[in-house]
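First comes the structure, then the notes that go with it.
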Amino acid sequence: MAAALEVDGEPERVSDALDQPRIVAAVGAAERETSGEIRIHIQPKATGGDARYVAERTFERLGMTKTALRNGVLLFIASEERVFAIVGDKESTRRCRPVSGMRSPRS
């Protein structure tokens with residue numbers, strides 16, 4: 001699996017502050033240790049709802065509910081609002097310790 005880091009909106013403002021090669025390498029290393037698919041999605045605002053709702057819609061839009069083992073994980077960051085959400089698919093949430101409010105988009 002290829003590590004994925006996506007930056008929407010104004011990439012010059014967000015991505016310049018990120019060490020993208022280091023982040024991609026860290027995601028790739030984590031993916032090599034598991035069967036999961038990990039993505040990081042960064043955009044300026046959680047337009048259309050709260051961060052969790054927008055993260056769940058983004059998870060679905062990116063096709064992460066279609067992984068063979070249902071074990072995708074998305075770290076969604078709305079950088080200008082300084083909020084984030086972590087969304088895991090059915091198998092990812094089953095294997096993780098419970099976190100208050102954590103659920104898969106399509107359980």
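Okay, here's what the table says:
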read-out: Residue within segment 71-91 that is modelled with pLDDT under 85, within 24 Å of ARG32 (Cα to Cα) and outside any strand (DSSP E or B) present; value: yes
read-out: Filter result (among the hydroxyl-bearing types (Ser, Thr, Tyr), outside any loop (DSSP other than H, G, I, E, B) and under 10 Å from ASP89 (Cβ atoms)) within segment 52-69; value: THR65
read-out: Search result, residues across segment 34-51 that are part of a strand (DSSP E or B) and either touching a helix residue (DSSP H, G or I) at 6+ places or on another chain (Cβ under 6 Å) or under 15 Å from LEU69 (Cα atoms) (or both); value: GLU37, ILE38, HIS41, ILE42
read-out: Residue ID - surrounded by the fewest Cβ atoms within 10 Å (Cβ to Cβ), chosen from residues in segment 42-89 that are among the acidic types (Asp, Glu) and more than 19 Å from GLN20 (Cβ to Cβ); value: ASP50
read-out: Some residue of segment 21-28 being in a loop (DSSP other than H, G, I, E, B) and at pLDDT below 85; value: no
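The values are calculated or read from the model by the stated rules, or taken from the named source; none is laboratory data. Note that the structure is predicted; figures quoted are calculated from it, not measured. Quick reminder, even Gly has a Cβ in these numbers, built from the backbone with ideal geometry, and neighbours come from all protein chains shown.
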